[in-house]
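**Student:** One structure is given below, represented as structure tokens, and several questions about it will come after.
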Amino acid sequence: MIRSVLTQPSRSKIENEHPASSPLSIHDMTVAYHRKPVIWDIDYTAPQGKLVAIVGPNGAGKSTLISAVLDLVPKASGEVRVFGEEYHKQRNRVGYVPQRESVDWDFPVNALNVVAMGLYRKIGWCLPVMRRHRQTAMEALDRVGMADYAKRQISQLSGGQQQRVFLARALVQDADLYLMDEPFAGVDASTERAIVEILRELRERGKTTLVVHHDLQTVTEYFDHVLLLNMRLVATGPTSEVFTRENLRKTYGGKLALLDQVGHKMTLGESAR
Amino acid sequence: MNSVPTRIGFALVVVAVWFGNPSGAAAEPPHDTHPSRATARSLSRDRLEWPSWDDVTRTLLLRDYNTRIVAIGTTMLGVAAGIVGVFTLLRRRSLLGDVISHSTLPGIAIAFLVMEAIEPGGGKWLPGLLIGAWLAGLAGIVCTKLILRFTRIKEDAALAIVLSVFFGAGMALFKVVQDIPSGSQAGLNHFILGKTASMVLADVWIIAEVSLAIVVIIGLLYKEFTLLSFDDKFAASQGWPIFRLDLLLMLLVAGVTVIGLQSVGLLLVVAMLITPAAAARFWSDRLGRTTLIAALLGGSGAFCGVLISAMFPRLAAGPVIVLTGVCFFLVSMSFGVRRGVVVRVAMHRQLKAAVGRQHILRALFEFLEPQCNPTAPMSAQLVNHIVSASDLQPMRSWTPKRLRRLLRVAERSDFIAAVRAGGYRLTTRGAELAHRVVRNHRLWELYLIEYADIAPSHVDRDADDIEHLLAPDIVESLEQLLSQRYPHMTVPPSPHAIDATSELTT
């Protein structure tokens with residue numbers, strides 16, 4: 001009896017760890033595939049209304065982190081709160097952009113069909129996609145600058161255009177928290193600008209967005225906050241404070257060539273200031 | 001033996017054996033060793049006897065009650081299999097379909113033994129056998145899922161293991177069944193290769209009910225199955241129960257297998273499932289149409305197969321039905337309007353022709369460019385000059401033969417007109433087109449130099465109007481850049497020197 005009281009964290013402690021206002025709070029989360037843990041003991045609380053970059057080397061568990069938050073992979077331990085509640089109660093408020101490579105782009109649907117998939121939950125079981133749903137999807141396509149390609153079969157779109165379609169599918173969900181897995185991977189310059197614009201627009205409307213990001217050179221330009229991850233949480237906070245050479249070295253370890261390149265750019269930026 | 005091509009090959013072998021071995025006593029999987037009286041007619045000695053004109057008309061007009069029954073049942077099976085097959089194919093579960101069909105075998109034997117134990121002589125009750133088959137098919141799926149969930153065995157190995165274990169167990173149990181006096185008469189062997197001709201009205205009712213149920217379920221969950229097949233991760237993040245949806249899809253596949261047991265048999269039923277769906281993909285890029293076409297191809301393939309096998313009763317009906325479906329597939333693969341081989345070759349040739357046309361127009365424009373006043377409208381000036389083939393020769397790295405051909409084609413298309421031997425003049429139409437081609441090409445080059453780190457893919461720099469592919473603000477700033485650098489020009493000068501060597505690199 002006494003022991004169980006001791007091991008149970010007090011109610012007030014849980015509330016401290018999961019502030020109801022935070023769009024996403026992760027407490028003590030470990031995820032393992034088979035017996036090998038992929039991410040360990042993650043404690044993280046996302047700031048409201050910010051653009052957050054999830055940064056780390058390959059195999060650091062960035063995608064796993066997102067998948068675990070979305071209940072796509074089982075957690076070995078720990079808990080996740082989305083706006084103060086469990087994920088499955090807050091699904092309507094979360095938008096997800098998977099990696100572009102995760103699907104078969106040869107699938108016989110057009111861009112509009114894919115975007116409409118973001119509305120399926122709202123439409124509900126067994127009911128068909130109606131004209132007003134298609135209209136909503138069309139508006140989202142227009143927001144990402146893809147309205148002219150609505151009727152194109154998705155294999156005939158370029159990589160950047162496919163990524164925009166995925167983004168539009170998340171936009172129609174009209175969520176408050178967005179999780180995006182490498183939306184900038186392999187896109188052309190104009191798509192990158194379009195995506196950044198959308199991200200900023202989301203921030204202006206008070207949405208919180210977590211983005212798995214690979215290009216260290218653009219982190220300071222695009223993001224307010226960073227989450228440095230390498231199986232464990234290395235550092236997190238505002239980009240200006242946390243995105244330092246020291247922390248990057250901790251995150252990336254021995255991969256110095258890359259670091260020096262970024263470091264060079266960063267020192268240039270600092271001297272310019 | 002666990003792929004569709006092998007299965008098709010197997011169908012061929014079965015038919016070949018029947019051709020070559022008139023006694024019908026082929027050695028492999030146990031099948032009917034007592035040719036019926038009806039089948040003795042069409043194959044005398046080593047050759048096939050062609051049906052008489054009377055036989056053909058009787059069959060085609062469906063005058064025989066038996067043919068009618070079989071045609072209706074098998075066509076419905078084909079339609080249901082085609083529709084389910086589309087989602088099986090798109091979900092990449094084709095091989096799982098094969099596992100399900102093989103797993104049904106022990107179910108049939110066990111159902112027979114159980115029913116025989118309850119009531120001697122009652123083991124032949126068809127719905128009971130089919131339910132046994134269906135449950136065993138499910139057991140096959142569950143085993144595969146469990147292996148994948150709890151071990152690190154890869155999917156292909158898990159499928160192969162389950163398939164062979166279940167099929168082996170089924171064959172062993174069949175031996176037990178054969179040893180029971182009533183068992184050897186029960187004709188369970190027909191479930192392996194099918195025995196279409198023995199179909200009766202009651203069987204057709206079962207097929208009709210199951211097919212209808214399958215089509216209704218797919219109709220209701222069309223949207224859900226689409227999402228599941230396209231992006232299951234996203235579906236799961238939205239809270240769709242993907243595991244249960246996946247299971248339901250497999251239940252439907254098992255349903256098709258069970259009603260297909262009677263006509264084509266469990267070894268070939270996966271071909272009914274996958275070939276119409278694969279064929280339909282050659283005709284459309286839209287899911288709704290693909291499904292409809294798969295249903296059509298599945299249904300009509302089965303119908304034609306039944307008629308053909310009715311004209312040649314000595315041939316095994318199941319393989320004939322499957323091979324008819326394969327013929328439909330081959331036709332689709334060659335002539336399908338979306339991705340058929342013929343269309344692809346034609347498109348490639350068209351592309352080559354378009355590129356050739358753009359090259360000749362650009363060469364003409366660029367040759368004449370230095371002789372024109374760049375501040376005045378270009379098109380009007382271009383038509384005043386005469387160009388010969390030898391003028392164009394150094395513009396690109398083309399052979400004289402290819403250049404002559406391109407000029408001939410351009411003349412036929414009314415882009416240029418021959419004015420004297422070996423001399424050409426651009427027509428008004430040709431001049432306008434050349435102007436457009438060169439403008440697009442150079443704006444793209446400017447864009448690539450000024451802006452893009454990564455070039456947009458899928459761009460034909462001569463033909464695609466830049467406005468269609470780039471954001472309007474970029475085009476505007478490009479044109480601004482253009483007018484700043486080269487005032488009064490509608491076509492920017494080439495950013496590099498124009499000669500054959502530089503063309504090699506662009």
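**Student:** For region A:247-256, how many residues are open to solvent by 40 Å² or more (accessible area, probe 1.4 Å) and under 13 Å from residue A:60 (Cα atoms)?
**Tutor:** The total comes to 1.
**Student:** Do we have residue B:258 as more than 14 Å from chain A (Cβ to nearest Cβ), touching a Leu at 6+ places or on another chain (Cβ under 9 Å) and in a helix (DSSP H, G or I) here? First the steps, then the outcome.
**Tutor:** Details: more than 14 Å from chain A (Cβ to nearest Cβ): yes; touching a Leu at 6+ places or on another chain (Cβ under 9 Å): yes; in a helix (DSSP H, G or I): yes.
Considered against the rule, which asks whether it is more than 14 Å from chain A (Cβ to nearest Cβ), touching a Leu at 6+ places or on another chain (Cβ under 9 Å) and in a helix (DSSP H, G or I), residue B:258 comes out as yes.
**Student:** With the checklist (1) surrounded by fewer than 22 Cβ atoms within 10 Å (Cβ to Cβ); (2) in a helix (DSSP H, G or I) in hand, flag the one item residue B:339 doesn't pass.
**Tutor:** Answer for residue B:339: the failing condition is (2).
**Student:** Criterion first (within 11 Å of chain B (Cβ to nearest Cβ) and farther than 30 Å from residue A:123 by Cα) does residue A:35 satisfy it? Let's see the steps before the verdict.
**Tutor:** On the way: within 11 Å of chain B (Cβ to nearest Cβ): yes; farther than 30 Å from residue A:123 by Cα: yes.
Spelling it out, residue A:35 is indeed within 11 Å of chain B (Cβ to nearest Cβ) and farther than 30 Å from residue A:123 by Cα.
**Student:** Now for a separate question. Of everything in region A:213-246, what is open to solvent by less than 30 Å² (accessible area, probe 1.4 Å) and within 14 Å of chain B (Cβ to nearest Cβ)? Give them in sequence order.
**Tutor:** A:218
**Student:** Given the residues B:174, B:230, B:166, which is the only one that is farther than 30 Å from residue A:114 by Cα and modelled with pLDDT of 95 or more? Explain how you work it out, then say what you get.
**Tutor:** On the way: B:174 fails: modelled with pLDDT of 95 or more; B:230 fails: farther than 30 Å from residue A:114 by Cα.
Being farther than 30 Å from residue A:114 by Cα and modelled with pLDDT of 95 or more holds for just one of B:174, B:230, B:166, which is B:166.
**Student:** Moving to a separate point now. Have a look at A:169, A:193 and point out the one that is outside any loop (DSSP other than H, G, I, E, B) and under 15 Å from the mean Cα position of the chain (by Cα).
**Tutor:** On the way: A:193 fails: under 15 Å from the mean Cα position of the chain (by Cα).
On inspection, the qualifying residue turns out to be A:169.
**Student:** Confirm whether residue A:76 is of a type in the set (A, V, I, L, M) and open to solvent by 60 Å² or more (accessible area, probe 1.4 Å). Outline the logic, then answer.
**Tutor:** Working: of a type in the set (A, V, I, L, M): yes; open to solvent by 60 Å² or more (accessible area, probe 1.4 Å): yes.
Yes: the conditions hold for residue A:76.
**Student:** Out of the residues in region B:265-308 that are within 19 Å of residue B:97 (Cβ to Cβ) and not in a helix (DSSP H, G or I), which is nearest to the other protein chains (Cβ to nearest Cβ)?
**Tutor:** B:281
**Student:** Next up: State the number of residues belonging to region A:154-179 that are in contact with a strand residue (DSSP E or B) (Cβ under 6 Å, 6 or more places away or on another chain) and of a type in the set (S, T, N, Q).
**Tutor:** 1
**Student:** Please tell me if residue B:214 is in contact with a Pro (Cβ under 7 Å, 6 or more places away or on another chain) and under 30 Å from residue B:168 (Cα atoms). Quick ask: steps written out before the conclusion?
**Tutor:** Working: in contact with a Pro (Cβ under 7 Å, 6 or more places away or on another chain): no; under 30 Å from residue B:168 (Cα atoms): yes.
No.
The values are calculated or read from the model by the stated rules, or taken from the named source; none is laboratory data. Keep in mind the model is a prediction, meaning the values are calculated, not measured. Don't worry about glycine lacking a Cβ; one is built from the backbone with ideal geometry, like all the others, and counts go over all protein chains shown. The protein model used for the area step is the full one, side chains on, heavy atoms only, and it has no ligands, DNA or RNA in it. Shrake-Rupley method; radii C 1.70, N 1.55, O 1.52, S 1.80 Å.
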